[in-house]
Amino acid sequence: MSEPALTNSEKHARQLRNPEQSFVAMPKPKLFIPGPVDISPTTYEAMCSPIIGHRGKDFETLYASIQPGLQQIAGTERPVFLSTSSAWGVMEGAIRNLVQKKVLNLCCGAFSDKWFDVSLRCGKEAEKIQAEWGQPIDPDLVKAKLAEGGFDTVTLVHNETSTGVLNPLSDIAAVVKEFDDVLLVVDTVSSFSALPIPTDEIGVDVLLAGVQKAMALPPGLSVFVVSERALERAETTHDRGYYFDFLEFEKNHKKDNTPSTPSISLLYALESMVSSIMEEGLEKRFQRHSETNAQVHNWVEENGFELFAPDGFRSKTLTAVANSRDIDVPAFIKAVRERHNFLINGGYGKIKGRTFRISNMGNETPSTMNDLLSALSDVLPEFT
């Protein structure tokens, strides 16, 4: 008697446990870094689907099939545009499409800080609120700065991957909503699909994400949502360029298509992953990330380290561990890789050496996280 067919989510889980039985062997070492994260063999298999023409019915069907799931993940009834680029392409594109007066960049880590630099490089007038790395953005400071006037756009990194800080998105969105002419742009690269993000409900004007972190897909594709009022702003903004022109995405979306030739293989991967997420169920996915994140936090505390982000503002998809025991972080990471073939990440930017980072995002389960944490515990005594 033949076995019943497996769902996509069951395939992802089985192949993570038994990579030797998979269509494609798992990458080596297994990645527990904050992006790109480990990719399931089911995703690689989906990417091997035959290439189709991107201006034909087959592609339109593929594009349209992905929309309902993406809309559910993004908490929106708006179209979800697909960009063959990293998230930075859309992050820069948002600046070029929306900023006519001045942008306020909310900075609290490497990626949010860089957005301020990108704003200036785009030739836009920009100011920033700078929180100390490891601390969240204070909504009261945002309100006070916007009250000075002159701003028409705010940028926020929801989940700052460099520091493990989860910013208070709903509170900040409520503040921005008080200022009628100000649009809110939010990077959710490491939170999209792992946390509930009610885009329409709280009034996010541009929600964007690269797929290589929480979505657990290979790099090179971004998804983003643009509100009606953001599109109206773009219509009157000069020098938007072409590749990231929001109006081009809107026009082509109406034909179930993209402005330029997309990475069709990555769209097949996206279709497979969205299907898997829907099969698992968003609430179960959110809960799984919460559980695996708690496993890491418990390990940190049990082994005498400290969490870099403050209580109440800690990422659910990765953990920045404060190196309070003053271990040799690069040597520790190297030993874990050599002995167990797992890769975690050292600190990023100016907190390199002061922290190390452990990802639990994407396809990871309590079982796979236990494997990693057991490996860390095995190696750690040599460095303390």
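Read-outs: derived from the displayed coordinates by stated rules, not from any lab. Remember, predicted model here, so these are calculated numbers, not experimental data. Note that each Cβ is placed from the backbone with ideal geometry, even for glycine, and that neighbours are counted across all protein chains shown.
Packing, taken as the mean count of other beta carbons within 10 Å per residue, orders the peptides 224-234, 139-149, 364-374 from highest to lowest as 224-234, 364-374, 139-149. Magnitude of the charge dipole for the range 57-277, about its Cα centre and with charges confined to Cβ atoms of Lys, Arg (+1) and Asp, Glu (-1), is about 420 debye.
The residue among LEU183, LEU266, CYS107 whose Cα reaches farthest toward the positive pole of the charge dipole of the range 57-277, with charges on the beta-carbon of Lys, Arg, Asp and Glu, is LEU266. Over the chain, DSSP H runs of length four or greater, each weighted -39,500 (n - 2.57), average out per residue to a 222 nm ellipticity of -13000 deg cm²/dmol.
Taking amide hydrogens as placed 1.01 Å from N in the peptide plane, the amide H of VAL165 sits under 5 Å from those of GLU160, SER315, each at least 5 positions away in sequence or on another chain. Stokes-Einstein, applied to the Kirkwood radius of the range 57-277 over Cα pairs at a viscosity of 1.567 mPa s and 4 °C, places its translational diffusion at 75 µm² s⁻¹. Along its principal axes, the range 233-345 has C-alpha extents of 55, 37, 34 angstrom, given from the largest down. For the listed peptides 78-84, 104-110, 207-213, a ranking on the average number of other beta carbons within 10 Å per residue, highest first, reads 207-213, 104-110, 78-84. Couplings 3J(HN,Hα) for the range 328-339, derived from phi with the Karplus relation 6.51 cos²θ - 1.76 cosθ + 1.60 (θ = phi - 60°), are 7, 4, x, 5, 4, 4, 4, 5, 4, 5, 5, 8 Hz, where x marks Gly and Pro. At the listed q of 0.11, 0.13, 0.15 Å⁻¹, the Debye profile of the chain, built from one uniform point per Cα, gives log10 I(q)/I(0) equal to -0.78, -1.07, -1.35. How big is the Kirkwood radius of the range 288-384, worked out from every pair of different alpha carbons and given in Å to one decimal? Result for the range 288-384, one decimal place: 13.4 Å. When you work out D = kT/(6 pi eta Rh) for the range 185-255 at 10 °C and 1.306 mPa s, using the Kirkwood radius from C-alpha pairs as Rh and the Stokes-Einstein form, the result is 120 µm²/s.
Each residue of the range 240-251 is assigned a 3J(HN,Hα), and the resulting list reads 6, x, 10, 4, 10, 6, 4, 5, 5, 5, 4, 4 Hz, derived from the Karplus form 6.51 cos²θ - 1.76 cosθ + 1.60 (θ = phi - 60°), x at Gly and Pro. Shown in residue order for the range 163-172 are the 3J(HN,Hα) couplings computed by the Karplus curve 6.51 cos²θ - 1.76 cosθ + 1.60 at θ = phi - 60°: 10, x, 9, 9, 6, x, 4, 4, 5, 5 Hz (x for Gly and Pro). What is the antiparallel percent of DSSP beta bridges lying wholly in the chain, to the nearest 5? Around 50 percent antiparallel, to the nearest 5.
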